[in-house]
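Trainee: Can you keep this structure in mind? I'll have questions shortly.
The values are calculated or read from the model by the stated rules, or taken from the named source; none is laboratory data. All figures in this text were calculated on a predicted structure; none of them were measured in a lab. Heads up, the Cβs are rebuilt from the backbone with ideal geometry, glycines too, and the neighbour counts pull from every protein chain shown. Only protein heavy atoms, including side chains, enter the accessible area calculation; ligands, DNA and RNA are left aside. Shrake-Rupley method; radii C 1.70, N 1.55, O 1.52, S 1.80 Å.
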Amino acid sequence: MEKHVKTGQNILLVWGSRTNVEFLKETAEKLRSDVGSSGNVFVENSSMLKESSYSNEKIDVAFIGFFDDERYETDFLGEIARILVPNGKLVIRQPESESVTKKLRSNLVLSGFVNISTEHALTGQNGSIETRTSELVCFTPEFRIGSAAPLKFNSLNNTKKTVNVEAAKVWVLSATDAIDDDVELLDSDELLDEDDLKKPDPESLKVCGTTGKRKACKNCSCGLAEELASDGNRPQTVETKSSCGSCYLGDAFRCASCPYLGMPPFKPGEQVRLGEQLLKPDV
């Protein structure tokens, strides 16, 4: 522990319910002699740390896990990060276990600590059982809690953009250029040839409403097949009389076999002509 402290620093020792009190006192006295009269050594129980009156950025180095083997979650580690100074050091001693170390590293990152490293492993004796522990060292960020820095947008706005003058002149056209013999202007009439001015043949405009092609598709329902079969003549129409007298009101009043199904309402007595295609059943 002595290698982590310097003269004049404020040190925090965190202990738990299974701590050897005599060992804690001896460690605290030794560290007090290391930091000198200008430094301080604080001893705090892990369960009372949140209720303590430590101000922000008060501790230079904190030691946890040296007097107890409790597991520490993010809320506890976050409180340690709050009271540590910028770039403050946290030293943790934990049982050497891959699962414990992985969980602890994750909690340290979530609590805001950086530069996490494992320094060395220690072998001890607990009765007849040999124990191995490892020390994790991490730091708080170098900036203060709540610190801010202004964003300099003015420097971006004041940056002068270089413009290629010669390239810009290519797209500049003044009012006098229209009468200047040195400036070549395209004649809009020359953009169209004789083929573009010809009126298209109506026969070439007939396309299938489903495929968009000039050839009618199988089971054509858009009328192109009948139109092509009749050599361009419109389909013949047949006068149809209503059997119920309600056909003109719309589909809501028409029977299932009404030839006007799908057509908009019309005025009573108005003559409506249906193409032969509409009078043929689909089935």
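Trainee: With the structure loaded, tell me whether residue 93 is at negative phi and in contact with a Phe, Trp or Tyr (Cβ under 6 Å, 6 or more places away or on another chain) or whether it fails that test.
Mentor: So residue 93 fits the description; yes.
Trainee: Which count do you get for residues in segment 136-163 that are over 30 Å from residue 62 (Cβ atoms), modelled with pLDDT of 75 or more and not charged (D, E, K, R)?
Mentor: Taking segment 136-163 first, the residues over 30 Å from residue 62 (Cβ atoms) are 150-163.
So of that shortlist, the ones also modelled with pLDDT of 75 or more come out as 150-152.
If we keep only those that are not charged (D, E, K, R) too, we end up with 150-151.
Of the residues in segment 136-163, 2 are over 30 Å from residue 62 (Cβ atoms), modelled with pLDDT of 75 or more and not charged (D, E, K, R).
Trainee: Then there is this: Pairs only if they're at least six apart or on different chains, beta carbon under 8 angstrom, first in segment 85-99 and farther than 22 Å from residue 144 by Cα and modelled with pLDDT under 90, second open to solvent by 80 Å² or more (accessible area, probe 1.4 Å) and not β-branched (Val, Ile, Thr); list them, first residue then second.
Mentor: Filtered contacts from segment 85-99: 95/132; 96/132.
Trainee: Just a yes or no: is a residue in segment 100-120 part of a helix (DSSP H, G or I), closer than 22 Å to residue 31 by Cβ, touching a Phe, Trp or Tyr at 6+ places or on another chain (Cβ under 9 Å) and of a type in the set (A, V, I, L, M)?
Mentor: Taking segment 100-120 and keeping what is part of a helix (DSSP H, G or I), we get 100-110.
Filter again for closer than 22 Å to residue 31 by Cβ, leaving none.
Checked segment 100-120: no residue is part of a helix (DSSP H, G or I), closer than 22 Å to residue 31 by Cβ, touching a Phe, Trp or Tyr at 6+ places or on another chain (Cβ under 9 Å) and of a type in the set (A, V, I, L, M).
Trainee: Could I ask something else about it? Within segment 2-9, is even one residue under 43 Å from the mean Cα position of the chain (by Cα) and either buried (at least 19 other Cβ atoms within 10 Å of the Cβ) or without any contact (Cβ under 8 Å) to a residue 12 or more places away in the chain (or both)?
Mentor: Initially, segment 2-9 is screened for residues under 43 Å from the mean Cα position of the chain (by Cα), giving 4.
Cutting the leftovers down to either buried (at least 19 other Cβ atoms within 10 Å of the Cβ) or without any contact (Cβ under 8 Å) to a residue 12 or more places away in the chain (or both) gives us 4.
Yes: segment 2-9 contains one or more residues that are under 43 Å from the mean Cα position of the chain (by Cα) and either buried (at least 19 other Cβ atoms within 10 Å of the Cβ) or without any contact (Cβ under 8 Å) to a residue 12 or more places away in the chain (or both).
Trainee: Considering (1) over 22 Å from residue 103 (Cα atoms); (2) crowded, with 20+ Cβ neighbours inside 10 Å; (3) touching a Gly at 6+ places or on another chain (Cβ under 8 Å), say which one residue 62 fails and leave the rest.
Mentor: The number of the failed condition is (1).
Trainee: Provide a single number: the residues in segment 18-42 that are in contact with a strand residue (DSSP E or B) (Cβ under 8 Å, 6 or more places away or on another chain), closer than 19 Å to residue 94 by Cα and surrounded by fewer than 18 Cβ atoms within 10 Å (Cβ to Cβ).
Mentor: Qualifying residue count, segment 18-42: 1.
Trainee: Of all residues in segment 108-135, how many are under 20 Å from residue 1 (Cα atoms), at pLDDT below 80 and among the acidic types (Asp, Glu)?
Mentor: Total meeting the criteria: 1.
Trainee: Looking only at segment 65-99, filter to residues that are of a type in the set (S, T, N, Q) and over 15 Å from residue 113 (Cβ atoms); which one of those is surrounded by the fewest Cβ atoms within 10 Å (Cβ to Cβ)?
Mentor: In this case the residue turns out to be 99.
Trainee: Next question, about the same structure. Take the residues in segment 210-239 that are in contact with a Lys or Arg (Cβ under 8 Å, 6 or more places away or on another chain) and modelled with pLDDT under 65; name whichever of them is most open to solvent (accessible area, probe 1.4 Å). Full working, then the answer.
Mentor: We begin by selecting, within segment 210-239, every residue in contact with a Lys or Arg (Cβ under 8 Å, 6 or more places away or on another chain); these are 214, 224, 227-228, 237-239.
Filter once more, keeping what is modelled with pLDDT under 65: 237-239.
Details: 237: 74, 238: 59, 239: 118 Å².
Out of the qualifying residues, it is 239.
Trainee: Now a separate question. Any residue at all in segment 268-278 that is at pLDDT 70 or above, out of contact with any His (no Cβ under 8 Å at 6 or more places or on another chain) and either open to solvent by less than 60 Å² (accessible area, probe 1.4 Å) or part of a loop (DSSP other than H, G, I, E, B) (or both)?
Mentor: Yes.
Trainee: Taking residue 105 as the residue in question, decide whether it is within 39 Å of the chain's Cα centre (by Cα), open to solvent by less than 70 Å² (accessible area, probe 1.4 Å), modelled with pLDDT of 80 or more and basic (Lys, Arg).
Mentor: Spelling it out, it is not the case that residue 105 is within 39 Å of the chain's Cα centre (by Cα), open to solvent by less than 70 Å² (accessible area, probe 1.4 Å), modelled with pLDDT of 80 or more and basic (Lys, Arg).
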